[in-house]
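Quick notes on the structure that follows.
The values are calculated or read from the model by the stated rules, or taken from the named source; none is laboratory data. As the structure is a prediction and not an experimental result, all values here were calculated from the model. Cβ placement follows ideal geometry from the backbone for every residue including glycine, while neighbour counts extend to all protein chains displayed.
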Amino acid sequence: MNRRTWIKDTALLAGAFTLTPSILNTLSASPIRAVRESLNPFSEKAMALADPVLKARLFANENPFGPSEKAKQAAIDALTNSYQYPFMMERVLEQKIIEHEGIKEDQLIMSPGSSALLQAAAIHFTRNGGNIISGDPSYDDLMNKADALECKTVKVPLTSEYKLDLAAMEKMINKKTRLVYICNPNNPTGTVLDTATLKSFCERVSKKVPVFVDEAYIDYLGDPKDFSMIDLVKQGHNVIVARTFSKLYGFAGMRLGYIIAQPDMIKNLELYAQTQNSLSAMTIAAGIAAFRETEFLQSAFKKTMDSKEFLFNTLKKEGYEYIPSSTNFAMFKINMEPEKFVEEMGKRGVGVRPWKFNNTNWCRVSIGRMDEMEAFADAFKQIS
């Protein structure tokens, strides 16, 4: 696949989101179509619930407290000159990230969200066959795209504490392994790995095969620098770290993410990723205003934690078991088929996500505003 073909197909991919499921189903089968379909993390039923009449939209791990007022105003102000390509603005945002993380200029790629970067990794690491290793369950965006490109994916069950089993994953590495994907904190379980243990794992494993650490939810752990693997990149290890503004920053609809890696890896991934000129002037301006905006981030974090405590108390009172979460979502066991549970909650104006693993039925619920969590509690009590 050459760059021109990739740009063309990426444009088609972006347009696909405006099509209805029935129209999508009429498209002819192809590898690009398979990758395109793997972008959609929701079932058609979950998508159908994405209706403005929902009392609580709790299926997408969004931050309902953002973007910040500064970010929104910056995006509005950027409209005036949005007829111009935002070359200089993009450079300002890049420099903010580079200086904050203490990395070199050739160790960064920015993109519209992290999904495009996960797709770039999937394409790059599947070019010559082999396998990619991840946890099960874990965030499956990259793995689904690798499957679509006919790469063997190896999914390793979680530990009894619902954490990624690093020891078991390391044992699965062989001469055909092209990449190890780690989502930390993990989605959908919300669990986090011990930082020292993960660093030791990355140091060892990256000598054999690249390690991709997806830190989408790291802002919910406090100071990201205390938990991040970016220091390993700075030390020269073959580690890729992905970050997104979609969560605590509240940019899910504006799309802004980035990866940090070794210069050679950056060059490889740039061949397949949407990078230069792919971010809108409004998104860049909002990113500049919001980056490490301490007061807003702390406020959104506290409100998220308050809503999560309310959720846990609700589940306890109803006698339900849940996985302690370090993120803006949580999983709990349910007493009916997941799809049926989602349907019943949807009838009551609450959108949640179904899951099934370890022969057990689960629901993943995102943490919303307090009024949304109260709506969840009211609906949940009716069917629990």
Out of all the residues in segment 96-154, which are without any contact (Cβ under 8 Å) to a residue 40 or more places away in the chain and not acidic (Asp, Glu)? 98, 127, 143, 146, 151, 152, 153, 154
With the condition kept exactly as written, say whether any residue in segment 302-313 is closer than 12 Å to residue 376 by Cα and more than 25 Å from the chain's Cα centre (by Cα). no
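To keep it simple, each residue is scored yes or no on (1) modelled with pLDDT of 95 or more; (2) farther than 30 Å from residue 93 by Cα.
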residue	(1), (2)
271	no, no
277	no, no
281	yes, no
285	yes, no
300	yes, no
330	yes, yes
Hits in segment 322-348 - residues which are more than 23 Å from the chain's Cα centre (by Cα) and without any contact (Cβ under 8 Å) to a residue 12 or more places away in the chain: 340, 347
Which of the residues that make up segment 302-326 are touching a strand residue (DSSP E or B) at 6+ places or on another chain (Cβ under 9 Å) and of a type in the set (Asp, Glu)? 321
Scan the strands (runs of 3 or more DSSP E) fully inside segment 79-167 and keep the ones with 2 or more residues being surrounded by fewer than 20 Cβ atoms within 10 Å (Cβ to Cβ) and not charged (D, E, K, R). 152-157
Can you list residue pairs whose Cβ atoms sit under 8 Å apart, with the first residue in segment 200-215 being assigned by TED's automatic domain parsing to the domain that holds residue 135 and touching a residue at least 60 places away in the same chain (Cβ under 8 Å) and the second being part of a loop (DSSP other than H, G, I, E, B) and not hydrophobic (A, V, I, L, M, F, W, C)? Count only pairs 6 or more apart in sequence or on different chains. 210/238; 214/114; 214/139; 214/184
Of the residues in segment 332-361 that are among the β-branched types (Val, Ile, Thr) and not in a helix (DSSP H, G or I), the one that is surrounded by the fewest Cβ atoms within 10 Å (Cβ to Cβ) is 360
Would you pick out the residues in segment 305-331 that are surrounded by fewer than 20 Cβ atoms within 10 Å (Cβ to Cβ) and in a strand (DSSP E or B)? 322
For segment 253-278, the count of residues that are out of contact with any Lys or Arg (no Cβ under 8 Å at 6 or more places or on another chain), closer than 25 Å to residue 124 by Cβ and outside any helix (DSSP H, G or I) equals 11
Lone unmet requirement of (1) free of Cβ contacts under 8 Å to residues at least 24 places away in the same chain; (2) farther than 25 Å from residue 239 by Cα for residue 264: (2)
From 319, 351, residue being at negative phi and either without any contact (Cβ under 8 Å) to a residue 60 or more places away in the chain or not polar (S, T, N, Q) (or both): 351
Does segment 291-301 include one or more residues that are small (Gly, Ala, Ser) and either touching a strand residue (DSSP E or B) at 6+ places or on another chain (Cβ under 7 Å) or surrounded by fewer than 20 Cβ atoms within 10 Å (Cβ to Cβ) (or both)? yes
Test residue 194 against the criterion of being modelled with pLDDT under 95, among the acidic types (Asp, Glu) and not assigned by TED's automatic domain parsing to the domain that holds residue 308, and give yes or no. no
